[in-house]
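What follows draws every value from the coordinates through simple rules; no lab data is involved. The structure displayed is predicted, hence computed values, not measured ones. All Cβ positions, even for glycine, are placed from backbone atoms using ideal geometry, and neighbour counts span all protein chains on display.
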Amino acid sequence: MTATSPSRPADPIIALGDVHLKLDSGAGPVHILRGLDLAVGAGQAVGLVGPSGSGKSSLMAIMSGLEAATSGRVSVDGHDLSALDEDALALLRRNRIGIVLQSFHLIPTMTALENVAVPLELARRDDAFAEAAAALDRVGLGHRLDHYPAQLSGGEQQRVALARAVAPGPAVLLADEPTGNLDSGTGQTIIDLMFSLHDERDATLVLITHDLDLANRCDRVVHIADGRITHEEPGRGARPVGGAAGGAGLSGRVVEAG
C-alpha cells in the first residue's frame, strides 16, 4: 500500500487498487506485486523508481493491459481492464496508450516511415503516412524516412520508436527504461525529447527508471521495492494535478544528433 501520496488526483486517468500479481514457477508461486495502490492524474508525469526485480516493469505491463493482475482493480482512461478481452485491450493500446521500451522493437523489413505508420494504418487513418512523416520530422528524423532500422543509430531507432508511440495521439505514454541501451549523451537527447512531447500533448507520462535524477524530472516520484510502493515525493517538475486541456498535436521540431 502507498505510504504517502502527496499528489493523489481526484479523478485519475490511471487507477490501481490493491493490485496483486502472482506467477507460477517450478519452485512455487512468485509474488511480483503485493497490494499496490496508485493513482495518476491526467497530464501528470510520474517516475517509478526501484531496484531490479522490484516489480516496476510488471506494473507497467499491467497498466498497458499486456499482463493481467491476479487480483485488484486496474482502470486506464476510464476503462476497467479486467472487463476487456484481448481484442478490446489491443484497441485501447492502439488508440490511447503509447509504449516505449528499452528495446526498440522496430520491424526490420520496414522503413522508419512505415514503422511509425503501422498503428495509424491499423486505425484505418487516411493520413497515416502523412502523420507518420510529421511525427518523424518532429523528432528530428525527417531526413531518415526511407531508412531501415539497420541503417539507423541506436538513438535514431529509439526516436523512431518514440515517434511511433506518440503519432496516434495517446492519452497515456508508458516508458520502461527507454535509454537503457543508449550512451549517456544520446539517452539525454531521448529523455529531453520525451518530456517535450509530454508537455506539448499534455499526455500522462509514466516513466520507469532506476535513475533517481531522471525520475525527479517528473511531477511525482514513486518508489517501489519488493512489489510494494514504499513512499513517494514531489519531483522537480511538480505541477498541479491534471494539466490544461491537452493539445491536439505536436508543435515544434527537435533536431539532435544520435
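A few points about this structure:
- Annotation: region 48-201 has a Kirkwood hydrodynamic radius of 16.2 angstrom, from the mean reciprocal C-alpha pair distance.
- Between region 48-69 and region 137-176, the Cα center-to-center distance that results, in Å: 23
- Beta bridges by DSSP in region 170-237, antiparallel share as percent, to the nearest 5: 55
- Normalising the Debye intensity of region 67-149 to I(0), with uniform scatterers on Cα atoms only, and taking log10 at q = 0.11, 0.12, 0.17 Å⁻¹ returns -0.40, -0.47, -0.80.
- Think of each Lys and Arg Cβ as +1 and each Asp and Glu Cβ as -1; about the Cα centre, that makes the dipole of the chain roughly 260 debye.
- Footprinting exposure proxy ranking of Ile229, Ile224, fewest other C-beta atoms within 10 angstrom first, gives Ile224, Ile229.
- As a ratio to 2.2 N^0.38 Å, the alpha-carbon radius of gyration computed for the chain takes the value 0.98.
- Here the sum of -39500 (n - 2.57) over DSSP H runs of 4 or more residues, divided by the residues of the chain, equals -9000 deg cm²/dmol at 222 nm, to the nearest 500.
- Dipole magnitude of region 73-182, debye to nearest 20 (Cβ charges: Lys/Arg +1, Asp/Glu -1, about Cα centre): 200
- Kirkwood hydrodynamic radius of region 1-115, Cα pairs, Å: 15.8
- Measuring r between the beta carbons of Arg125 and Asp87 and using R0 = 22 Å, the FRET efficiency lands at 0.70.
- Shown for region 48-115 is the translational diffusion coefficient from the Stokes-Einstein equation, using the Kirkwood radius over Cα pairs, a temperature of 4 °C and a viscosity of 1.567 mPa s: 94 µm²/s.
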